[in-house]
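The values are calculated or read from the model by the stated rules, or taken from the named source; none is laboratory data. What you are looking at is a predicted structure, and each value in this text was computed from that prediction instead of being measured. Note: ideal-geometry Cβ built from the backbone for every residue, glycine included; neighbour counts use all protein chains shown.
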Amino acid sequence: MISSPNNARLKRVRTLFQYGKRRRVERHFVLEGVRLIADALAAAAPLEFILYRPDTTITEILQQADTQDIPCLEVEEKLFNQLTDTPSPQGILAVSPFPELPLPENPNLVLILSSIADPGNLGTILRTAAAVGVDNVILTPRSVDPYNPKSVRGAMGAHFRIPIEQWSWEQIREINLPLLVADAGGSNDIYATDFSNAVAIVVGSEAHGPDEQLLSIADQVVKIPMTSGESLNAAMAASVILYEIYRQRHYR
């Protein structure tokens, strides 16, 4: 059992939890909770190690990790609880390399997230994107780190199901798909827009909407109809648009 706060693995977890730069340099992040680690094992992710509290019932996870030769170590309860800012930690976490999922050759639905700032919103959007079958997600420059602990928790395993990339403006401009930007000032209602063909859809930040770089190259600017002037947050807007695309493609 790990009982020293100076243990090298505990230090590594703390560093990856706290510092986005360290995550990007090492291309590793922390998974927390039974569901996330089960998803990672199901995806055959090469986890570096698993840490758990002695009181946690995770027999199946430990057995599966053993078959994949992943080290699993007990951590004294107080030390474990100090590793995370989750109010009620589930008692298990793991360090994982960034998933290396291949980008689709002929994507049918690409989601571009423009300067999304809130990690919780990003996690919710990623979870929705995985649910409706988005082929890949692209984050623009200045978007929040997709491996932020809050984003990872909110995404509920989406990181292991869809490619998530952070691209430069030059890369984004080279996307060979019709570009539809969601904006409150759009001239086309999403419910009157045909989403049956391949498309890249842009959802902008909570405070400022989509970046001007994307509005300037948009093939179409669409809006979500509302009866009041209050705008939806990015996660809600993305969910409404993605499920309208899903409805058109599966229920016509």
remark   = Filter segment 167-191 for residues that are touching a helix residue (DSSP H, G or I) at 6+ places or on another chain (Cβ under 9 Å) and among the aromatic types (Phe, Trp, Tyr); the one that is modelled with the highest pLDDT is TYR191
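For every residue, the table says whether it meets (1) small (Gly, Ala, Ser); (2) buried (at least 21 other Cβ atoms within 10 Å of the Cβ).
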position: ALA42; (1), (2): yes, no
position: TYR52; (1), (2): no, yes
position: GLU60; (1), (2): no, no
position: GLU74; (1), (2): no, no
position: LYS78; (1), (2): no, no
position: SER96; (1), (2): yes, yes
message = I need the full set of residues from segment 42-70 which are closer than 15 Å to GLY157 by Cα and in a helix (DSSP H, G or I), in order please.
response = ALA42
ask   = Quick one: would you say PRO87 is modelled with pLDDT of 90 or more and either part of a loop (DSSP other than H, G, I, E, B) or under 18 Å from the mean Cα position of the chain (by Cα) (or both)?
value = no
ask   = Can you name every residue in segment 227-244 that is out of contact with any helix residue (DSSP H, G or I) (no Cβ under 7 Å at 6 or more places or on another chain) and in contact (Cβ under 8 Å) with a residue 12 or more places away in the chain?
value = SER231, ALA237, VAL240
note = In the set TYR191, TYR243, TYR251, the lone residue that is under 24 Å from the mean Cα position of the chain (by Cα) and among the aromatic types (Phe, Trp, Tyr) is TYR243
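Assess whether ASP39 counts as being of a type in the set (Asp, Glu), touching a residue at least 24 places away in the same chain (Cβ under 8 Å) and not in a helix (DSSP H, G or I).
When the stated conditions are applied, ASP39 does not pass them.
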request  = Return the residue satisfying two criteria in turn: it lies in segment 210-240 and is farther than 18 Å from SER143 by Cβ and among the charged types (D, E, K, R), and of such residues it is surrounded by the fewest Cβ atoms within 10 Å (Cβ to Cβ).
outcome  = GLU230
task = Answer yes if at least one residue in segment 166-184 is under 19 Å from HIS208 (Cβ atoms), outside the structural domain of ILE58 (by TED's automatic domain parsing), more than 18 Å from the chain's Cα centre (by Cα) and in a loop (DSSP other than H, G, I, E, B), and no otherwise.
result = yes
ask   = Considering TYR147, TYR191, TYR243, which residue is within 27 Å of HIS28 (Cβ to Cβ), among the aromatic types (Phe, Trp, Tyr) and either outside the structural domain of ALA38 (by TED's automatic domain parsing) or surrounded by 13 or more Cβ atoms within 10 Å (Cβ to Cβ) (or both)?
value = TYR147
query = Filtering segment 192-210 down to residues that are of a type in the set (A, V, I, L, M, F, W, C) and closer than 22 Å to THR227 by Cα, which residue is modelled with the lowest pLDDT?
reply = ALA207
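Evaluate the following for PRO119: is it in the same structural domain as GLU206 (by TED's automatic domain parsing) and without any contact (Cβ under 8 Å) to a residue 40 or more places away in the chain?
On the way: in the same structural domain as GLU206 (by TED's automatic domain parsing): yes; without any contact (Cβ under 8 Å) to a residue 40 or more places away in the chain: yes.
Here the answer is yes, as PRO119 does meet what is asked.
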ask   = Any residue at all in segment 60-69 that is polar (S, T, N, Q), out of contact with any His (no Cβ under 8 Å at 6 or more places or on another chain) and within 13 Å of GLY33 (Cα to Cα)?
value = no
